[in-house]
Amino acid sequence: MDLAISGRRAAVAAASRGLGFAAARALAAEGVQVAICGRDPKTLGDAAQQIGARPIVADVSTADGAAAFVRAARDELGGIDILVANGGGPPPGRFADVSDPHEYARAFELSCLSTIAMCAEAVPTMQAQQWGRVVAITSIAVRQPIPYLILSNTARAGLTGFLKTLAREVAPDGVTVNSLQPGLHDTERLRSLGAADTTGIPAGRLGTAAEFGAVAAFVCSEHAAFLTGAAIPLDGGAYGGLQ
């Protein structure tokens, strides 16, 4: 299927590996001009070369760093039509483990404010041109909190509320805002954590990064123009709720 986005310009955050890289690869395969960022110049350069993207060294773990990436991508590409907001997650822990309230503030900046900052830089121009796509990579934990991840569960839930509100506000301007909620996918990070247990996944396997990237690209497509405000689980059926 031709996604009808060839020639569009995309900024994909934290895309030197993992699911961010998969999204960037899928967009590039559709003829999209892609700028990606990462913190390690060599890893970033290798990833950019693989898919024909433009590398930008940036740290999107803070709101200032995230905004700076979008500005740099806009300068590099001559504009931004598509924003894929992505980033790392806060450290694990339970309520009893997180005694300092400032840890919640740091998690909130990493997993919520950084995406808000990217949207603040990218969305007004999308509104002005009457076309835009925002896709945020969050987590299935937004639907079903994951034990020992209280910081991530809290911050990403806040981000989901922001994205839903933003989607409703900018829909009349031809801009869609959606989030993808990955479960367990076969990435380097998952393998390094030793968390590849498929027991609770009805599909009986881990998702692949390529499968995730294909969905991300479709949500950015012309065909998905009526899809907005959605939080889409990609977890092989692991989440058992009705909504």
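The values are calculated or read from the model by the stated rules, or taken from the named source; none is laboratory data. Owing to the predicted nature of the structure, the values given are computational and were not obtained by experimental measurement. No Cβ is skipped: glycine too gets one built from the backbone with ideal geometry, and neighbour counts run over all protein chains shown.
Observations, loosely collected:
- Set Ile5, Ile51, Ile82: member being in contact (Cβ under 8 Å) with a residue 12 or more places away in the chain, under 17 Å from Ala122 (Cα atoms) and aliphatic (A, V, I, L, M): Ile82
- Evaluated against (1) assigned to a loop (DSSP other than H, G, I, E, B); (2) within 21 Å of Gly18 (Cβ to Cβ); (3) under 17 Å from the mean Cα position of the chain (by Cα), Ile80 falls short on exactly one condition, (2).
- Flag if Ser111 is assigned to a helix (DSSP H, G or I) and surrounded by 20 or more Cβ atoms within 10 Å (Cβ to Cβ): yes
- Index of the failed condition, Asp64 passing every other in (1) in a helix (DSSP H, G or I); (2) closer than 20 Å to Ala155 by Cβ; (3) in contact with a Gly (Cβ under 8 Å, 6 or more places away or on another chain): (3)
- Residues being not in a strand (DSSP E or B) and not polar (S, T, N, Q) - total across segment 36-61: 15
- One residue alone among Ala117, Ala157 is out of contact with any strand residue (DSSP E or B) (no Cβ under 7 Å at 6 or more places or on another chain) and without any contact (Cβ under 8 Å) to a residue 24 or more places away in the chain, and that residue is Ala157.
- Residue in segment 175-188 that is at pLDDT 95 or above and more than 16 Å from the chain's Cα centre (by Cα) present: yes
- Yes/no for Pro172 being surrounded by fewer than 16 Cβ atoms within 10 Å (Cβ to Cβ), touching a Gly at 6+ places or on another chain (Cβ under 8 Å) and either under 27 Å from Gly31 (Cβ atoms) or of a type outside the set (A, V, I, L, M) (or both): no
- Top-ranked residue in segment 2-35 [being assigned to a loop (DSSP other than H, G, I, E, B) and at positive phi; ranked as surrounded by the fewest Cβ atoms within 10 Å (Cβ to Cβ)]: Gly7
- For segment 83-103, filtered to residues that are over 14 Å from the mean Cα position of the chain (by Cα) and buried (at least 16 other Cβ atoms within 10 Å of the Cβ), the residue that is nearest to Ala13 (Cα to Cα) is Pro90.
- Top-ranked residue of segment 128-150 - restricted to ones that are among the hydrophobic types (A, V, I, L, M, F, W, C) and surrounded by fewer than 24 Cβ atoms within 10 Å (Cβ to Cβ), ranked as nearest to Val84 (Cα to Cα): Trp131
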